[in-house]
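Contents: one structure, followed by commentary.
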Amino acid sequence: MGINSKRIIEVHDLTISYHKKPALWNVDFDLPEGKIIGIIGPNGAGKSTLLKAIMGLLPMASGYIKIYDQPLEEIRNKVSYVPQRGSVDWDFPANVREVVTMGLYKQQKWYERTSQKDKENVESALEKVGMLPFANRHISQLSGGQQQRVFLARAMAQNADLYLMDEPFAGVDASTESSILDLLGAMRDEGKTIVVVHHDLQTAKDYFDHIVLLNTRLIAVGPTNEVLTPQHLQDAYGGKLTLLQEVGELLQKENIPTREG
Amino acid sequence: MAIFEFLSFDDPGTQIVTIGTVILGAVASIIGCFTFLQKRALIGDAISHSVLPGICLAFILSGTKNPYYMLIGAFISGWLSVILSDWITRTSKIKADTSIAIVLSFFFAIGMMMLSIIQHSGNVNQAGLHHFLFGKAAAIIKEDVVMFLYVAAIALVIIIVYFRAFKLYIFDIEFAKSIGLPVKWLDFLLTTLAVLAIALGIRAVGVVMMSALLIGPAAAASFWTGNLKKMLLISAIVGSLAGFFGAMISYMRPQMPTGPWIIIVLSVIAFTSIVMGTEKGVLHKWRKRQAFKNKVLRENILKIFYHLGENQEDFLQPRTLQELIERRAYNKNEILKGLNQLKSKHWVDQTESNHWALTKQGNIESAKLIRLHRLWEVYLSEHLNIAADHVHDDAEAIEHILTPKLQARLESVLKGRTTDPHDKAIPNLNKMDK
């Protein structure tokens, strides 16, 4: 990590298991502030799991995570999460503006109407992602790229310092992809930190300042050009079942009888 | 006639029954919207069958049919069924639908056994307990209605206080967690409301049918609106209507169980909504398709005029029906339908009985279409390298759906082009006299 940038996320000795099978194993790293950071790795490497763990959405088997040297609970309103677009039902009865306003629900009391300031916040977030003309449109009528923009607008309305985005580039059209990139760049220039789960190795070196390379365990972390070396990529994508993964499979198998018994 | 007797509400008993079923229908269907959106409709069915053993146990313990004891018994066994089926789904390989089916039939079987034991016990109070299966609205008494009101008030307060939280929780649970909403508590509240709504309906609608009153109105409402608040309102109206009819029928035909009647009324409303609904209804979609087909027809006729005009270098000359038909595979009736639509837009005039001509505006519209068609052909052949003899059919389909924004982009990409890939002139709209 550069000496001139502050540490924003500290992941310490993190282990996460699904049904006893480790999805992340002893992962330990720090991330710098004010960068666009990619989480890269093959399918099943635990990329989304890591993001969810940082957001406090998953129980940890071991380790801890701190943001600005504090536990998440203390600093939750500084962190914004953008889930995978496919994780929700877009037939839900709501329009674009309503979904973006959801970013502010935590601050709003049940008896309050949405304040003028919040409304302006929502409009400006919609504007930034180019969805203002569609503000009153029902969300079931959106294309994949537009759905992704709505999710980004919802996050931007939160005015956080740290953004955690799960696959924002997956399945969007080329123009959305480039406008999302511009948006992330503008956010970074404002001093925000953006952590992005990304599946496409080809584009990774152009998109990110800093990379976390994962495959169940941490392969490498650091500035993009230092991480994306042939040796590291071989380690992450080599395809050989490492001893670690084999032990993981074994753990899971051994546990099936105890769960059903 | 019985129906007028009912509608006059002379009998205080009728008033109570009607007020009761209307409140019940409204409360159940408002709560049901959330259950429906959670995609937990089947759980509703499991709960409604599973309240039976609770009711029977409450009767055995208390010896009376006091509505509050019944409600508590129903509430407890309903909740137990949710916990059990969720537990089975979570800890075994059995999927949710299967575990719900298992729990539903297990609880219902226990309930039926208990019911038959009670019926043979000789307890005089047990008369009418069997109505809890299929419901008897006429059996509603004042105490029931008061209880409905209490529960309705509690449910409404919870829904108002937690409205935004419920909405976000149901739409996007991960995001709800990420901003720190208490998702377990919200889930508990929603399940409790659903169990409560079902437990409320056991006397009037019956355990077998009650889940339909929970889900049916919400499903119907979803075809009319894409707004959650409006959905709650429409659902409440549908639910109260079903309740009202249930009361009426129960008054006119006291021998018949009420539940099935309520469900039949509800089903008619639901089917009507599926067909007629303005949001997602089948008819609405069909009309949209029809409108598009008409637009294509009109635009194609305009193009026929243009092509004829292009050949003879006179765009405004009247054409006979025969001339128009020869150019394209439309029959006479279709062409006439399209011409009449164009006439009402003042794009076409009927000059004589069998002669039709473009107006000036019609001429401009036809030139616009041709321009779009030919520009698109140029784009396909030059930018996408599609052979010139293949581009026509693509352009034919695309010209009817291009939005003004895409059109502007197409124009700017192909600035200055004057001919299409078949060397036909692309009409220049600026040079046309308006």
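The values are calculated or read from the model by the stated rules, or taken from the named source; none is laboratory data. Since the model is a prediction, treat every value here as computed from it, not as a measurement. We place every Cβ from the backbone using ideal geometry, glycine too, and count neighbours over all the protein chains shown.
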Margin query: Cβ-Cβ distance below 8 Å, separation of 6 or more or different chains: which pairs start in the stretch B:38-63 with a residue that is of a type in the set (A, V, I, L, M, F, W, C) and end on one that is crowded, with 20+ Cβ neighbours inside 10 Å and assigned to a loop (DSSP other than H, G, I, E, B)?
Written below: B:VAL51/B:ILE202; B:VAL51/B:VAL207; B:LEU52/B:VAL207; B:ILE55/B:ILE202; B:ILE55/B:VAL207; B:PHE59/B:LYS65
Item checked: Enumeration of residues in the stretch B:165-185 that are hydrophobic (A, V, I, L, M, F, W, C) and either under 19 Å from A:ARG154 (Cβ atoms) or at the interface with chain A (Cβ under 7 Å from one of its Cβ atoms) (or both) -> B:ALA165, B:PHE166, B:LEU168, B:ILE170, B:PHE171, B:ILE173, B:PHE175, B:ALA176, B:ILE179, B:LEU181, B:VAL183
Checklist line | Which listed residue is free of Cβ contacts under 8 Å to residues at least 24 places away in the same chain and among the β-branched types (Val, Ile, Thr), from B:ILE401, B:ILE364, B:ILE370 | finding: B:ILE401
Next item on the list: Determine, yes or no, whether B:PHE175 is assigned to a helix (DSSP H, G or I), without any contact (Cβ under 8 Å) to a residue 40 or more places away in the chain and within 30 Å of B:LYS65 (Cβ to Cβ).
Entry: no
Notebook entry, point to check: Is it the case that the stretch A:53-64 has a residue that's surrounded by fewer than 24 Cβ atoms within 10 Å (Cβ to Cβ), among the aliphatic types (A, V, I, L, M) and in a strand (DSSP E or B)?
Noted result: no
Next item on the list: Restrict the check to the stretch B:160-170 and report whether at least one residue is surrounded by 13 or more Cβ atoms within 10 Å (Cβ to Cβ) and part of a loop (DSSP other than H, G, I, E, B).
Entry: yes
Next item on the list: Could you tell me whether the stretch B:151-158 includes any residue that is facing chain A (nearest Cβ under 7 Å) and in a helix (DSSP H, G or I)?
Entry: no
Note to self: Criterion first (in contact (Cβ under 8 Å) with a residue 24 or more places away in the chain, more than 14 Å from chain A (Cβ to nearest Cβ) and not in a helix (DSSP H, G or I)) does B:ILE202 satisfy it?
What the structure shows: yes
Check: List, please: which pairs have Cβ atoms under 7 Å, are six or more places apart or on different chains, and start with a residue in the stretch B:268-283 that is free of Cβ contacts under 8 Å to residues at least 60 places away in the same chain and farther than 24 Å from B:GLY246 by Cα and end with one that is in a helix (DSSP H, G or I) and not hydrophobic (A, V, I, L, M, F, W, C)?
Finding: B:THR278/B:HIS284; B:GLY281/B:SER273
Notebook entry, point to check: Taking interchain pairs and intrachain pairs at least six residues apart, which have beta carbon atoms under 9 angstrom, with the first residue in the stretch B:340-361 and under 11 Å from B:LEU316 (Cα atoms) and the second acidic (Asp, Glu) and exposed (fewer than 14 other Cβ atoms within 10 Å of the Cβ)?
Noted result: B:LYS360/B:ASP433
Check: Tell me, which helices (runs of 4 or more DSSP H) lie completely within the stretch B:243-332 with 2 or more residues that are modelled with pLDDT of 85 or more?
Finding: B:258-276, B:282-312
Next item on the list: State the number of residues belonging to the stretch B:54-95 that are more than 20 Å from B:LEU193 (Cβ to Cβ) and away from every other protein chain (no Cβ under 14 Å).
Entry: 13
Next item on the list: Select from the stretch B:361-404 the residues that are part of a loop (DSSP other than H, G, I, E, B) and either out of contact with any Lys or Arg (no Cβ under 7 Å at 6 or more places or on another chain) or at pLDDT below 75 (or both) and list them in ascending order.
Entry: B:LEU384, B:ASN385, B:ILE386, B:ALA387, B:GLU399, B:ILE401, B:LEU402, B:THR403
Check: Which members of the stretch A:73-96 meet the condition of being farther than 30 Å from A:LEU142 by Cα and either within 9 Å of chain B (Cβ to nearest Cβ) or not in a helix (DSSP H, G or I) (or both)?
Finding: A:GLU73
Checklist line | The one condition in (1) surrounded by 15 or more Cβ atoms within 10 Å (Cβ to Cβ); (2) in a loop (DSSP other than H, G, I, E, B); (3) not β-branched (Val, Ile, Thr) that A:ASN43 fails to fulfil | finding: (1)
Next item on the list: Please tell me if B:THR14 is outside any helix (DSSP H, G or I) and at pLDDT below 90.
Entry: no
Notebook entry, point to check: Taking the stretch A:101-119 on its own, how many of its residues are away from every other protein chain (no Cβ under 14 Å) and surrounded by 11 or more Cβ atoms within 10 Å (Cβ to Cβ)?
Noted result: 1
Next item on the list: Filter the stretch B:205-244 down to residues that are among the hydroxyl-bearing types (Ser, Thr, Tyr) and within 14 Å of chain A (Cβ to nearest Cβ) and give me whichever is nearest to B:VAL161 (Cα to Cα).
Entry: B:SER235
